[in-house]
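Have a look at the structure below before the remarks.
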Amino acid sequence: MLRLPLVMRARIFLCITLLYLCHPQLWPQAVTKQFPPPPAATADSRATPPNAQNGASTDAPSDTLPDDPSAASDIPVARVVPPAPTGVPVEIRADTQRAQNNIYTLIGNVVIYHRNYTVQADKIVYNRDTGEVVAEGHLIVDGDVDKEHITATHGELNLEQDTAHFYDVVGTMGVAAGPHNRMVFTSPNPFAMTGREVIKLGTGRYKIIQGTMTSCRLPKPDWRLLSNEINLANGKASARNTTFQLLELPLFFLPYVTHPVNEDTRTSGILLPIVGNSTAKGFILGEEVYFALSRNSDLTLGTEYFSKRGFSPMGQFRYRGFDENFFNVRFHSLFDRGLQPGNIDQGGTDLLVDGRRDWNQHTRTVVDAEYLSSYVYRQAFEENYAVAIDSEVKSQLFGQHTLNGFSQGLRLDRYQSFQNTTTNAEIRILHLPELLLEGQDHYLGNTPLMWGGIASVAGLSRSEPANDMNTATFKAHEVPRVDLYPHLAMPFSADGWTFRPEVAVRDTFYGKSQNPAVLGTVPSLRDASLNRKDFEAGIDLRPPAIERDFTAPWLFRLFGGDMRHTIEPDIQYRYVTGIDNFDSILRFDDTDIASNTNEIMYSVTQRLFLRHLHPHPCKGDEALGPDDMCGGGTVNWLSWQLAQKYFFDTDFGGAVTPGTRNVLATTLDLTGVAFLTGPRNLSPVISRLRLRSSSATDVQWDLDYDPRLGRMTASNVYMEYKKGAYAFTVGDFHLNAPEAPSTPPPATTSTTPITNATSNYNQLRFSASYGASTKPGPSAGTSIGYDFVQDQLQYGAVQATYNWDCCGLSFEMRRYSLGTVRDDTQYLYSFTLAGVGSAGSLRRATRIF
């Protein structure tokens, strides 16, 4: 270390001491901007001054200011204010200022910036020591903590204690100063108030004397609540002996009412009543009670009374956790007095539970369950048309842990398929429980081989009725099943060709089995166990894709960019052998329908990629995304796949039963439409078309054509278009499954005749709407469901809505025609108050828009 001599250190100390004593000392002061505001600035300016938080400004002082700020001048000036005892930065602007003993008299275009407050008035007397303000004439107060904006004729404030007393007040909560000093609403429905007097008792606590409150924009609100005294505390306003006024007409007297001050505050209470009418239900009158259980959970309980049927209880619990965690419980039911004539009971209960919990980034639990006590109840009273005609009820609860390409899962599953609406007969399949282990492909050491597989252990049950009777004649309960399915692959490529050869073995053990039965009879259960083994081999061959780019000017004018066309062929060969006991295997899911096969599948996929050369600002639905600019980059504009299978083994190792439709694992890999009614070589040709030219357009068309029958067996078309306030959707779903022979083959005997098994289904769904539920002004929409097989309109609805500034009125008429179960016309309405809620029988989940 370098050491300085003693004499040198003494000289340095002496020089530093002299410099300190002779240099002008700097003391802190609460001075802010000293420049006068621009000529355009007025007393209405409420912008926060620069460096208002630290009480200092980097701007240099102006030499043109008068020496005495209290002298008469037309130029508003800012006065340097000594620091407050608490160190709060303060800035004062006024045409005229006088100060005596830290009491400032300010006249003309007065603006005071104090901590989180901006105070404006024609005249203000300000006590710097206590923070007290006495203001007269055009008083305006803006605060950042409560986001309040208050205008009054005069008032007194204590800026240090957050208290005030205003007179002749008009104000809002939930506003903030935006660019160019414009007031911006921080919530969609801010709390607005008026009052003869408003007393601020502290941060977030107010008392309004002889005032009103509303969520509408002033000065002419669509609705408001009038009361002699309104109290604001803990994020909500409450009042007693209140009059509800709509469009300046008094409608209701409410002994007690609460209203949230901001959008994050929810309060418990009785909701607005439900009123409606239906030809099947009669006059509808209902009420619900809302409970705000916590910040992220709530509960709604209520009931409706149908004059023709009885009481219909309902309820909903909602929970929202961190990230994607949630849990919902919904139920509705009916204690039916009976439909006349005949006193037919169509009551029931429908309970739905869905939720998700992410324990960490690798583990999650999901539940999606439903309990339906009666299928006829769903058809008769479900408001959603798509749900009303669905005869299946699916429930599952599973947990999964995934790490490094390996996953472990536990599933509990319940499946119901109702067969009719008279006896409530159903097919029921249970997985209670099923443990599933899965490994994605991993390299085997340093070799090019990759291994993976699936293993599962399950406890299964199945019950099934016969001849649509309610008594289950086939039951298979508590059947254990163990399935092991490892595979080994060696993918490689050469000169643009991609190859993936693969071999696998499968071993499945069943604790019970079934006795094979002839066509038309129900198999019987036997306690004998069964072991199914097979060997599998196959290869996936993908030639190089063929592509071509198109850059013609007319393409750019029509589509806005360049286009690339690709053709991607694919050939897959698969061989499975060893399954010689297919008829003895119990059926629970797709694991049990594996069969021998020797097949080849060939397909070709065409794609059109569109490259946008000039991005544009996002508009409409595009603006909902994370980016401000849209249209750039390359998108998969159109894709079209054609595929077919050729079967060398026409009867799949004896798994095909002639005279009925057979469903095998290999057919499900191609299409969900059953086409095997006997041995065959060629499968139907499937076509899968998808077009998405923009975020406003979506077209899908799935088509199955059976060359053996010479006709289409399935066609599902869906088209959607959205542009501004207009929205259109069209869906046509047509199923014409292969016909099975009407009589069994001569070699079989049956105690039950086989009927024609043709499935013919053709339904059209259409909806069109203009506007939205929150659009100001008029909106309208319609939705229909037409059955071409029954040649009748099964569902039709028309909705009209008109929204004013902060309230809206909606009417909807619905028509259901579902056979003998439901022939109903409903007249629904909903009256919505912004910031309060909706009253009526038209629920948000079932609206057209």
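The values are calculated or read from the model by the stated rules, or taken from the named source; none is laboratory data. Nothing here was measured: the structure is a model prediction, and the numbers come from that model. As a convention, Cβ positions derive from the backbone with ideal geometry for all residues, glycine included, and neighbour counts pool all protein chains shown. Accessible surface areas use protein heavy atoms only, side chains included; no ligands, DNA or RNA. Shrake-Rupley method; radii C 1.70, N 1.55, O 1.52, S 1.80 Å.
Ligands, DNA and RNA are left out, and with a 1.4 angstrom probe the accessible area of segment 772-849 is 46 Å² per residue.
For the pair Asn681 and Ala772, label points projected 7 Å from Cα toward Cβ lie 5.8 nm apart. For segment 128-172, backbone nitrogen atoms closer than 19 Å to the point 7 Å from Gln210 Cα along Cα-to-C-beta are found at 151-156, 165-171.
For a paramagnetic label modelled on Leu525 (point 7 Å from Cα along Cα→Cβ), amide N atoms under 19 Å away belong, within segment 480-503, to 480-482. Using a simple spin-label model with pseudo-atoms 7 Å out from Cα toward Cβ, Asp390 and Asp323 lie 2.7 nm apart.
With each label modelled as a point 7 angstrom along the Cα→C-beta vector, the Arg266-Asn127 pair spans 4.5 nm. Summing charges over neighbours of Arg309, with a neighbour being any other residue whose Cβ is under 14 Å away from its Cβ, gives 0 when K and R count +1 and D and E count -1.
For segment 477-563, would you read off the P(r) tail past 17 Å as a percentage of all alpha carbon pairs?
73
Annotation note: trypsin sites (Lys or Arg not before Pro) in segment 257-345 located in DSSP loop regions with a Cβ neighbour count of at most 11 within 10 Å are Arg295.
Accessible surface computed residue by residue for segment 217-341, with neighbouring protein chains in place and a 1.4 Å probe, gives 59 Å² per residue. Around the amide H of Asn241, modelled in the peptide plane, lie the amide H atoms of Tyr256, all under 5 Å away and 5 or more residues distant in sequence or on another chain. Rounded to the nearest whole Hz, the Karplus-based 3J(HN,Hα) values (6.51 cos²θ - 1.76 cosθ + 1.60, θ = phi - 60°) of segment 709-726 follow the sequence 8, x, 7, 6, 9, 7, 8, 10, 10, 9, 9, 9, 9, 10, 8, x, 8, 9, with x at glycine and proline.
Our coupling estimate for segment 221-227, obtained by passing each phi through the Karplus curve with A = 6.51, B = -1.76, C = 1.60 and θ = phi - 60°, is x, 5, 9, 7, 10, 10, 7 Hz, Gly and Pro reported as x. Rounded to whole numbers, the Karplus 3J(HN,Hα) couplings from phi for segment 229-239 are 8, 10, 10, 10, 6, 6, x, 9, 10, 9, 7 Hz, using 6.51 cos²θ - 1.76 cosθ + 1.60 with θ = phi - 60°, and x at Gly and Pro. In plain terms, the chain from Asp507 to Thr423 could stretch by 26.3 nm, reckoned as 0.36 nm per residue minus the Cα-Cα distance.
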